[in-house]
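The values are calculated or read from the model by the stated rules, or taken from the named source; none is laboratory data. Because the structure is predicted, anything quoted here is derived from the model rather than measured. When we count neighbours, we look across all protein chains shown, and the Cβ atoms used for this are built from the backbone with ideal geometry, even at glycine.
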Amino acid sequence: MKNPARTKRDAEPILQMTGISKRFGGVQALDGVDFACHSGRIHAVLGENGAGKSTLIKILAGVVQPDEGRILFGGKEMRFPRPSDAVAAGIATIFQELSLMPHLSVADNICITDPPRKWGFIDGRAQRRIAAEALARAGADDINPLAPVSSLPLSRRQMVEIAKALARNPQLLILDEATSALTAADVTRVFEVLKRLREEGLAIIYISHRMAEIAELADDCSVFRNGRHVATFKAGEKTDNQVIELMIGREASHAFPPKPPRPETEAAPVLETSHLDWENRLKDVTIKLHRGEILGLGGLDGQGQMELLLALFGTLESVRGEIRIDGRRVRPASPKAAKNGPLGIALIPEDRKTDGLMLPMSVRDNLTFAALDKVSSGGVISPAAETAAVDEMVRLLGIRMGSAEDTANTLSGGNQQKVVIAKWLLNKPAIILLNDPTRGIDVGTKQELYQLLRKLADDGAAIILYSTDYYELIGCCDRVAVFYDGRIVRELAGPAITEQALVASAFNMPVEELDGAAIPGAHS
Amino acid sequence: MSTFRYRLMEHRGTLLAAAVFLALLIFYIANSHSGLNAAVATTIANKGVLLAIVAMAQTLPILTAGLDLSVGMVFVLANCLASALVVGSPLQTAFGIVVVLLAGLLCGLVNGLIIVFGRLQPIITTLATGAVYFGLALWLRPVPGGDVNGDLADALTGQLPGGIPAMLAVLLAVVFLIWVPYRNSVLGRAAYAVGSSEPASYMSGIPIGRVKIVVYSLSGLLAAIAGLLLTFVTYSGEASASIGGTYTLNSIASVVIGGTSLMGGFGSAIGSIFGAFVLRSIEDLLFVMDLDPLWQPLFQGVILLIAVSLGAFRLLRMSNRLDLFH
């Protein structure tokens, strides 16, 4: 066994990144980041959505190339042009269910990068043994190495991911939200494994949104904000409140339209869900939505917000619980049914390029796709009606383009998003669901969209806005429901929607504690 | 679940295809006047093995979630080449065989290089290269003709001692010399991984490009082996577009009947062999049942539809309808 390196805290770090920058289009994901971690220590990385955590990990995993900066690993300057280079260097990354081949067996998956060989051929027996050992090391010896991965439930697959990483005998192990799909019993076992690996001298980078996990595991913590590395400190040196203070504090770069005073009416909600459950991704979700209201969905990315929107829009099967629209119980069976129901529902999807637009087709075609019955009669599209509808929408949203015959892929991101929204507005939906609609679009268009949303609400629409940008939730929404692990953990309304409250809730921490960090150490 | 159950699940497609073939074979023997004798078996084998090997060639790209529309044309090109080169003294014959096989390998290599470095879809790439290969075949043999080493041809299309069709032995040799090593190699494993999930394979550090190039090259080699055998069966070469096209389409059908997923990642070339024999048996069955051969495409189509439907069952247990498109 290696020298327990915990004493070597001030020795050379195993990984040292200096001046790392990365830009995606108009977004500076990482901006001159310095980061180091040591063998025999668990280093937690914290930050809200878009802070740059994922980009940092992807650079280390060889998925993304930095624009600038140097990486020293084990004392040598390194570059990882491909994932295989990072693996060869001794860096194993555990993503969320990303690197498993569903048709292959557990053993095949665990040994895929470097299977044991006998006379040049894969040695099935040795492979099963290695897989069984790796699974045992990960505390998941209940998994049969011969089982196809597709036959395992999500939490078991995640354990296979962990076993797969361990089988590579890495020097640096990176876990990116690796425990979010695990059961509590598994989490305990994984923690034991991680602590043992730390004793064996491994360097571990641990990304998680669960503060309790970080408190239990981490030796060091680094906080990221806005693509910058803002602080590194020993675990326990700062209170949870201080950590949250470090994570927040982004500058609000845009103005929002004023919110109308909240009407004190007891009007019946236009949309109501009670106790929605789906596949362990939605748990007991109950919301109420009124006409004229914008309800925000908050929390860290991937906590069930998207699933709620999809459930309302009819793409999920066997959703348990009740959905009521205008007081009547409905079971949305498909987007078509949701669109044509008693009150039309529209969903602005997350990825406009794949789910929102037919990119090679014209703006005109795209605009009328969801409302062809409005511009046709007897199955024949009326060019006059179509032109009128298209002109109306182009004017209403201020879509900037050469002509309506231009293909959608010639437009800027912001204008593409306007087309996606416009195509649904043609249906005059009473309920509008938006899945992170401003991701990757310019500030000017964002502001136009905020104005538009408020105008639609004022005209009587009920809107659900999921956004990963907390400022948007604060500026746009009348109420915000914060998701954590498939549940709504807090609902904030009016002036209570603050960045502190949103971030604290997103990490499932009590909001009261945040009042001026008055209770230092209360959560340790 | 027990180890046995997992093994069973892994090979369910192959086993099902084998069972269907066995059922058809028994039905055939029961209804034919002569029963099963060496001559009948040899006839069945000579017809079935050609398609079986082309189907094996097709299996490799399909397992990576690709497709090779040129296998039939490589098959025809190899036939035309062989009808010119595989003649004369044993040494000349051996040289001719090597050239034919290398030509097939080269055709496949070209497919693979274009698909990987041109980043083109396999289906359109191989449609185009298939036309080119057929053009070459036509240039070699504008009219049917040529010759082949008669001794070798008689030996390979005849029977071994004990009445076993020699073609079956050839098929077994191909399985054990090419498929079994491939299936157990790191590269073959990687090919399944690529078909199962290309992003996950990339993230696992698998050399996807190299895998695909080898897969298409091997596919070309197998198609050329089948083309060579065709020459021994017909004693001549013919650049026939209809033979090329039929073999390409039937190879895809055989792969599907053999239980391999067109989405990649699941299946086996052994299944495809049985799939090919199932398709071929239908022809013979119509004959012994005294039915008009005109019914053949209809029955083959029905079998294919049933095979495809079996694969669609997974869609019944989908909990997010968007997964249908992914």
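Miscellaneous remarks
- Failed condition for A:Arg329, given (1) part of a loop (DSSP other than H, G, I, E, B); (2) surrounded by fewer than 16 Cβ atoms within 10 Å (Cβ to Cβ); (3) without any contact (Cβ under 8 Å) to a residue 24 or more places away in the chain: (1)
- One residue from A:Thr286, A:Thr239 being in the same structural domain as A:Arg23 (by TED's automatic domain parsing) and within 30 Å of A:Met211 (Cα to Cα): A:Thr239
- Of all residue pairs spaced 6 or more apart or on separate chains, those with beta-carbon atoms under 8 Å, a first member in region A:296-320 that is facing chain B (nearest Cβ under 10 Å) and crowded, with 24+ Cβ neighbours inside 10 Å and a second member that is of a type in the set (A, V, I, L, M) and part of a loop (DSSP other than H, G, I, E, B) are A:Ala311/A:Val319.
- Selection of region A:475-492 for residues being crowded, with 21+ Cβ neighbours inside 10 Å and among the aliphatic types (A, V, I, L, M) yields A:Val480, A:Ala481, A:Val482, A:Ile488, A:Leu492.
- Among (1) under 22 Å from B:Val54 (Cβ atoms); (2) at pLDDT below 85, the one test that B:Leu316 misses: (1)
- Here A:Arg454 clears all of (1) assigned to a helix (DSSP H, G or I); (2) within 14 Å of A:Ile348 (Cβ to Cβ) except the condition numbered (2).
- From the options A:Gly62, A:Gly32, A:Gly40, A:Gly69, residue that is more than 14 Å from every other protein chain (Cβ to nearest Cβ), in a loop (DSSP other than H, G, I, E, B) and on the phi > 0 side of the Ramachandran plot: A:Gly40
- Looking only at region A:73-92, residues that are within 23 Å of the chain's Cα centre (by Cα) and either more than 29 Å from A:Leu152 (Cα to Cα) or within 8 Å of chain B (Cβ to nearest Cβ) (or both) come to 1 in all.
- Restricting region B:205-214 to residues that are of a type in the set (A, V, I, L, M, F, W, C) and either within 10 Å of chain A (Cβ to nearest Cβ) or in contact with an Asp or Glu (Cβ under 9 Å, 6 or more places away or on another chain) (or both), the residue that is surrounded by the fewest Cβ atoms within 10 Å (Cβ to Cβ): B:Ile208
- Per-region count, region B:170-204, residues facing another protein chain (nearest Cβ under 9 Å), more than 23 Å from the chain's Cα centre (by Cα) and farther than 18 Å from A:Val106 by Cβ: 2
- Filtered residue count, region B:252-295, keeping only those that are of a type outside the set (A, V, I, L, M, F, W, C) and either more than 14 Å from every other protein chain (Cβ to nearest Cβ) or assigned to a helix (DSSP H, G or I) (or both): 12
- Residue count, region A:332-348 (criterion: in contact (Cβ under 8 Å) with a residue 60 or more places away in the chain and within 13 Å of chain B (Cβ to nearest Cβ)): 1
- Lone unmet requirement of (1) surrounded by 20 or more Cβ atoms within 10 Å (Cβ to Cβ); (2) under 16 Å from the mean Cα position of the chain (by Cα) for B:Lys47: (1)
- Count of residues meeting criterion [at pLDDT below 95 and either hydroxyl-bearing (Ser, Thr, Tyr) or at positive phi (or both)] in region B:102-136: 1
- Number of positions in region A:124-147 that are facing chain B (nearest Cβ under 9 Å) and modelled with pLDDT under 90: 1
- Taken together, B:Ala30, B:Ala65, B:Ala18, B:Ala23 contain a single residue that is over 14 Å from the mean Cα position of the chain (by Cα), within 14 Å of chain A (Cβ to nearest Cβ) and more than 27 Å from B:Ser240 (Cβ to Cβ), which is B:Ala65.
- Total residues in region A:106-116 satisfying the condition of being facing another protein chain (nearest Cβ under 7 Å) and not in a helix (DSSP H, G or I): the figure is 3.
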